[in-house]
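Data first, discussion second: the structure below is written as structure tokens.
The values are calculated or read from the model by the stated rules, or taken from the named source; none is laboratory data. The structure presented is a predicted model; accordingly, all values stated were derived computationally and were not measured. Virtual Cβ from ideal backbone geometry, glycine too; neighbours counted across all protein chains shown. Just the protein is used for accessible areas: all its heavy atoms, side chains included, with ligands, DNA and RNA removed. Shrake-Rupley method; radii C 1.70, N 1.55, O 1.52, S 1.80 Å.
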Amino acid sequence: MLRTLSDDNATAMRLAEADLARSGLTLDDAEGQGWFAEEDASAVNPGFLPGPALVLPYCGLDGTPVAYTAAGVPQPFCRVRYLSTGLQGRRYDQPKNSGVQIFVPIGLMAELDDQAASGHQPYICIVEGEKKALACWKKGVLAVGIGGVDCFRESGTKTLHPTIKAIIAKAAHVFIMFDSDIGDKPAVQNAEWRLASDLAMAGAHVHAVRLPQGPNGAKMGADDFLKQHGMDELFKLLNATPPIGSDTGAKTLGGIPVTELLDHDVKPVEELIPGPLQKGIVTFLCGPGGTHKSRLALQWGLCLNAGRGPWGDGGFERITLVYVAAEDDQNELARRTQAIGARLNLPTPGGGLVFARSGKDSVLCIVEESGETKLTPFYHELLATLRNIKGHKLLVLDSAYDFARFNGRAKISEDAVNHYIKVVLAGICTAADATLLIPWHPSQAGSSRGEMDGWSVAWHNAPRARLAISADKDAADCFTLEVVKRNHAARGEPMKLTFHEGALVPVETVTSSVDIQGLLVRLAGQAAEKGMPVSKRGRMSDWMHQEVRRMTARHVPDREIKRHLDNAVMAGELQYVPGGSKHAAGYYPPENADHLSREARKAGDWEVPQAANDAHSAKNRAPKSGKDGKIGSAANVGGREV
């Protein structure tokens, strides 16, 4: 009979017998493993709760007791199964700091050796809990028990427990057999996948067994299945469960013969915007703050929603825009939408939705470091909205970090980031017939390098396509847009954009309407009339560059300015006067070039009076005395404004 540590054992014996019977076990089955009932579990270990319990000592692979070290002293390891419902809701317990241990039925290793010797293929089942493992062992099914679905690695490591390693060295086929409610528990599914990965890495053929539900949908474990259906049915289930990933081989996996690929009628890559925006995938639009990436994403969406191209040009398929702004309110979105529509002359669309979610939680998923992801109600609401819109959609999520909550170090975990981008975001594209454009702010280091990356490798590897927009250092309100990653086509040449009247447009569409030579003739005339003629020598002045940039929306280099001025001289629009004792060198209006050059010369020793604020030139010019005895200096002339 089952031995006890106390004299008064009636309650513990009765409760233990009933608990074992629910798993198809008897008191004799338990005693064969050294288990025993105890009226007061705290008598076994002071850390256990007082009350009746079934004490479950563990034995190692060789049948000797498993021990752990407490205060430097070896102690026999056991777990307890509490038999009273009033013990703080706890069902199982084990000594503090005793680590992860694996329950191995006594005689298991000898049975594995016997199977191998008789020509059978050795196997092992891994179940959750000692009673399930013992119920299998009793019926002739080889099994070990783990204390919880996550308890299969050596304590404090990510390494498969050495006991399991030793077993699978003899049993090449391993059947993971968790309870039937695994389909409703993502955490258990993730644990099963991690265990399967560890086993596969150790060389095992891993089978994931799915037990059926019990009567009326009740949860069923391995012990319940054996009670209801028997050993033969369990072996049928095991034999019908192929190794993970094998099924019936390459055909089930979807392997395609090379000859079929060579004969396949290849369809062109579908694009919403040729070059930067491929249809049906996730594209990241990367850029630091102040580069108008949110405005550009909205602009592209509004244009496609109106059947226009990205810069307002026509002839594009109409795609419904769904724009979700996590930070901007309705007023700001209206301001941008109206400005873009007016600048690009967009027609009033027949559809499209914009969600202004400022002050609301826009998180679609909560991502753990392990990659485990929990979808939020907003995810399901957004997906339902997209599915209710007919045809293809362009979904803009502004911006990336507002739509995921990364716990711990998940933001820099490749597993977590890959799951967010490749599973959650890409899954929306597939499920809702959509293309996803998502503005993303790179790390500070990535912005500084100009590579528009950062945080982790996954942030720039996981998206199928990445665009980058950066500010032009040489010209205000000018930007460079380039494709930095594209899997299915050439990246193309970078594009120069300028912010003009509320929209981002190619620079050439603005400058093409400006007569640059005429502008420079006017500026040169103004400079000459102020006594600061523009000369061929040296660099152009800052004020001239600023005025040209303001009018043309781009930086025009000195060489180009001088070329336009020389062309104006040849056309008779300007006259160039060489410098001398009576004339200041520079470009002048032809009708009064002589007079203005003489006046400029009198005003100071200005062979090259370039700019009103050219401090370097002013500091290096010596003052001259005029006829009235007053000093005419560079500073005097430099104070004039053009």
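Here is how the numbers come out for the structure above:
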quantity	calculated
Any chance residue 231 is open to solvent by less than 50 Å² (accessible area, probe 1.4 Å), out of contact with any Asp or Glu (no Cβ under 6 Å at 6 or more places or on another chain), within 25 Å of residue 26 (Cβ to Cβ) and of a type in the set (A, V, I, L, M)	no
Residue in region 381-393 that is part of a helix (DSSP H, G or I), under 24 Å from residue 187 (Cα atoms) and in contact (Cβ under 8 Å) with a residue 40 or more places away in the chain present	yes
Which listed residue is in contact with a Cys (Cβ under 7 Å, 6 or more places away or on another chain) and either modelled with pLDDT of 90 or more or open to solvent by 70 Å² or more (accessible area, probe 1.4 Å) (or both), from 321, 386, 346	346
Single condition residue 427 does not satisfy, out of (1) at pLDDT below 90; (2) over 30 Å from residue 576 (Cα atoms); (3) open to solvent by less than 40 Å² (accessible area, probe 1.4 Å)	(1)
Matching residues, region 100-120, being open to solvent by 30 Å² or more (accessible area, probe 1.4 Å) and either part of a loop (DSSP other than H, G, I, E, B) or basic (Lys, Arg) (or both)	100, 101, 106, 107, 118, 119, 120
Within region 160-194, considering residues that are part of a loop (DSSP other than H, G, I, E, B) and of a type in the set (Lys, Arg), the one surrounded by the fewest Cβ atoms within 10 Å (Cβ to Cβ)	185
Residue in region 404-423 that is in contact (Cβ under 8 Å) with a residue 12 or more places away in the chain, within 20 Å of residue 357 (Cα to Cα) and assigned to a helix (DSSP H, G or I) present	no
Qualifying positions in region 351-380 - buried (at least 17 other Cβ atoms within 10 Å of the Cβ), part of a loop (DSSP other than H, G, I, E, B) and hydroxyl-bearing (Ser, Thr, Tyr)	362, 370, 376
Lone unmet requirement of (1) open to solvent by 40 Å² or more (accessible area, probe 1.4 Å); (2) of a type in the set (S, T, N, Q); (3) farther than 24 Å from residue 108 by Cα; (4) free of Cβ contacts under 8 Å to residues at least 12 places away in the same chain for residue 42	(1)
First in region 57-70 and under 14 Å from residue 32 (Cα atoms) and in contact (Cβ under 8 Å) with a residue 40 or more places away in the chain, second anywhere and assigned to a loop (DSSP other than H, G, I, E, B) and open to solvent by 30 Å² or more (accessible area, probe 1.4 Å), Cβ under 6 Å, 6 or more apart	58/101; 59/106; 63/106
Contacts under 8 angstrom Cβ, first residue in region 122-138 being more than 12 Å from residue 179 (Cβ to Cβ), partner of a type in the set (Val, Ile, Thr) and in a loop (DSSP other than H, G, I, E, B), 6 or more apart	125/141; 125/209
Selected residue [assigned to a loop (DSSP other than H, G, I, E, B) and out of contact with any Ser or Thr (no Cβ under 6 Å at 6 or more places or on another chain)] from 288, 268	268
Among the candidates 183, 203, residue that is over 29 Å from residue 21 (Cβ atoms) and free of Cβ contacts under 8 Å to residues at least 40 places away in the same chain	203
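Residue by residue, here is whether (1) small (Gly, Ala, Ser); (2) open to solvent by 20 Å² or more (accessible area, probe 1.4 Å); (3) touching a Phe, Trp or Tyr at 6+ places or on another chain (Cβ under 7 Å) holds:
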| site | (1), (2), (3) |
| --- | --- |
| 10 | yes, yes, no |
| 46 | no, yes, no |
| 56 | no, no, yes |
| 61 | no, yes, no |
| 84 | yes, yes, no |
